[in-house]
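*Asks:* Following this message is one structure expressed as structure tokens.
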Amino acid sequence: MKMIMQWFMALHVFFYRLTGGKMGGKFGGGQVLLLDSMGRKTRKSRTNPVMFIRDGNSYVVTASAGGAPANPGWYYNLITNPSTKIQVMGQKIDVSVEEARGEKREQLWSKLTAEQPQFKGYETKTTRKIHMLILKP
């Protein structure tokens, strides 16, 4: 199953980049960006398609991993190295990463679940607090 997911993600990234987001820029009714991160152990560059919402000029991503018991690897990579690049449709943007905490996190979670109700289900699948990261250009 892991190899199938890796293949699907690589294919998603390939078509997103090839078409400037015309293919792969939307998924399940939400918008998708490509999130680059540097492996904290391997130091290898990784790219993941991730759903996002906007908060002013910033992009907000959620480390939900579909409600899995552990955070996605990219979350730890970004906490370790909080400067990265994203691609939103055809635009590549340098961003700094900040974790949303407290009231700000709750505000963003409410906005996310209003726009993408499936995330409410992810929260009920896990005992961990699902992290939200603000990507600031």
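The rows are residues; the columns are (1) at pLDDT 95 or above; (2) touching a helix residue (DSSP H, G or I) at 6+ places or on another chain (Cβ under 7 Å); (3) farther than 27 Å from TRP7 by Cα.
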residue: THR42; (1), (2), (3): no, no, no
residue: ALA65; (1), (2), (3): no, no, no
residue: THR84; (1), (2), (3): yes, yes, no
residue: GLN107; (1), (2), (3): yes, no, yes
residue: GLN118; (1), (2), (3): no, no, no
residue: ILE130; (1), (2), (3): no, yes, no
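*Asks:* Go through the residues of the stretch 12-28 one by one and say whether even a single one is among the hydroxyl-bearing types (Ser, Thr, Tyr), touching a residue at least 60 places away in the same chain (Cβ under 8 Å), within 16 Å of HIS131 (Cα to Cα) and not in a strand (DSSP E or B).
*Replies:* Step one: list which residues in the stretch 12-28 are among the hydroxyl-bearing types (Ser, Thr, Tyr), which gives 16, 19.
When the remaining residues are screened for being touching a residue at least 60 places away in the same chain (Cβ under 8 Å), the result is 16.
When the remaining residues are screened for being within 16 Å of HIS131 (Cα to Cα), the result is none.
There is no residue in the stretch 12-28 that is among the hydroxyl-bearing types (Ser, Thr, Tyr), touching a residue at least 60 places away in the same chain (Cβ under 8 Å), within 16 Å of HIS131 (Cα to Cα) and not in a strand (DSSP E or B).
*Asks:* Please work out if ASP94 is exposed (fewer than 15 other Cβ atoms within 10 Å of the Cβ) and acidic (Asp, Glu).
*Replies:* yes
*Asks:* Given the options ASN71, ASN77, name the one that is in contact (Cβ under 8 Å) with a residue 60 or more places away in the chain and not basic (Lys, Arg).
*Replies:* That would be ASN71, the only listed residue that is in contact (Cβ under 8 Å) with a residue 60 or more places away in the chain and not basic (Lys, Arg).
*Asks:* Contact list please: Cβ distance under 7 Å, first residue in the stretch 98-114 and without any contact (Cβ under 8 Å) to a residue 24 or more places away in the chain, second residue loosely packed, with under 15 Cβ neighbours inside 10 Å, pairs at least six apart or on different chains.
*Replies:* Between residues of the stretch 98-114 that are without any contact (Cβ under 8 Å) to a residue 24 or more places away in the chain and residues that are loosely packed, with under 15 Cβ neighbours inside 10 Å, the close pairs are THR113/LYS120.
*Asks:* Now a separate question. Identify, from the list TYR16, TYR59, the residue that is within 18 Å of ALA114 (Cβ to Cβ) and under 15 Å from the mean Cα position of the chain (by Cα).
*Replies:* Details: TYR16 fails: within 18 Å of ALA114 (Cβ to Cβ).
Step by step, each of TYR16, TYR59 is checked, and only TYR59 is within 18 Å of ALA114 (Cβ to Cβ) and under 15 Å from the mean Cα position of the chain (by Cα).
*Asks:* Of all residues in the stretch 63-81, which are within 20 Å of ARG43 (Cα to Cα), surrounded by 15 or more Cβ atoms within 10 Å (Cβ to Cβ) and not aliphatic (A, V, I, L, M)?
*Replies:* Once the filter is applied, which keeps residues that are within 20 Å of ARG43 (Cα to Cα), surrounded by 15 or more Cβ atoms within 10 Å (Cβ to Cβ) and not aliphatic (A, V, I, L, M), the stretch 63-81 yields ASN71, PRO72, GLY73, TRP74, TYR75, TYR76, ASN77.
The values are calculated or read from the model by the stated rules, or taken from the named source; none is laboratory data. Just so it is clear, the model here is predicted, and its values are computed rather than measured. All Cβ positions, glycine included, derive from the backbone under ideal geometry; neighbour counts span all protein chains shown.
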